[in-house]
Amino acid sequence: VAVKRLRRAPRCSKTRHMAAEQPRVLDSIVDGLRFETLTLSRAEEAYALQAEAFADEPASAFTLADRAARLEECKRFSGMFTEECAGNGLSVACIEASTDKMVGALWIRDFRAPMHPSFEEILSKLTNLGKVIDVLVQVDGMYDALRPEVVGLGKAADLWMLAVHPDHRRKNIASKLTDIGLAHAHAAGFEVVVLESTGAFSARCAAKAGMHEIAGIDYADERQVHKELAGLQATPHTRLRIWESRREVAAK
């Protein structure tokens with residue numbers, strides 16, 4: 001199946017959100033953790049964290065057992081979004097206060113922002129991760145059909161990629177990042193915030209944050225484009241979904 005463009009939008013030289021030179025604290029220190037806006041000075045930390053975490057994405061891991069090979073694909077994929085997501089003022093980092101080490105990151109971008117110029121070329125070479133993205137394209141198409149009014153830059157934000165360091169998982173950091181990222185995106189002026197969950201873990205975060213499933217497809221569904229993913233039905237990660245939160249934005 002040919003990879004189609006995700007979230008088409010006119011090319012633009014910049015988005016309306018610009019990164020601050022210094023991070024802005026979004027939540028006070030709780031359990032030794034600080035949540036703040038991500039800045040370009042910590043872009044490489046966030047990139048490494050995202051690549052490592054995305055290598056464990058359930059659907060991708062199901063079809064390729066070689067984690068080293070998955071990691072190489074995820075490095076190439078994550079690299080396309082590092083500068084944008086670290087420099088747009090929307091993304092959120094979780095910092096261990098005692099060490100100043102980044103232990104979690106949520107990359108947020110405009111849902112209709114154009115993809116990296118080399119997106120399709122790079123994705124065509126990611127033979128394993130590309131399968132998950134193909135299914136995501138299917139679900140995005142379902143969402144577009146249901147939400148034709150969500151068009152243009154500045155309308156919707158995407159909680160795009162979430163990562164937690166392996167040593168800090170199962171500490172509620174993913175849920176906290178989702179909650180804070182959702183509130184931060186709405187506060188930045190986005191009426192709509194979406195999250196695409198490829199497995200049960202991110203779906204749980206979306207549901208806990210009060211988001212609502214708008215569209216989805218079971219990996220075992222005959223309409224799903226990669227039949228080898230149907231085996232995920234025997235795991236907790238049975239469905240790829242797109243979730244949504246809406247908030248009225250005051251007129252400016």
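The values are calculated or read from the model by the stated rules, or taken from the named source; none is laboratory data. Since the structure is predicted, the reported quantities are computational estimates derived from the model, not experimental observations. Here the Cβ is made from the backbone with ideal geometry for all residues, glycine too, and neighbour counts use every protein chain on show. Ligands, DNA and RNA are excluded from the accessible area calculation, which covers all protein heavy atoms including side chains. Shrake-Rupley method; radii C 1.70, N 1.55, O 1.52, S 1.80 Å.
Which condition does ILE242 not pass, out of (1) assigned to a helix (DSSP H, G or I); (2) modelled with pLDDT of 95 or more; (3) among the hydrophobic types (A, V, I, L, M, F, W, C), if it passes all the others?
So the condition that ILE242 fails would be (1).
Take ARG241 and decide whether it is touching a helix residue (DSSP H, G or I) at 6+ places or on another chain (Cβ under 8 Å), among the basic types (Lys, Arg) and either open to solvent by less than 60 Å² (accessible area, probe 1.4 Å) or under 13 Å from ALA156 (Cα atoms) (or both).
Values: touching a helix residue (DSSP H, G or I) at 6+ places or on another chain (Cβ under 8 Å): yes; among the basic types (Lys, Arg): yes; either open to solvent by less than 60 Å² (accessible area, probe 1.4 Å) or under 13 Å from ALA156 (Cα atoms) (or both): yes.
Here the answer is yes, as ARG241 does meet what is asked.
Just to be sure I understand, how many residues within the range 194-238 are touching a Phe, Trp or Tyr at 6+ places or on another chain (Cβ under 8 Å), in a loop (DSSP other than H, G, I, E, B) and open to solvent by 30 Å² or more (accessible area, probe 1.4 Å)?
Total meeting the criteria: 2.
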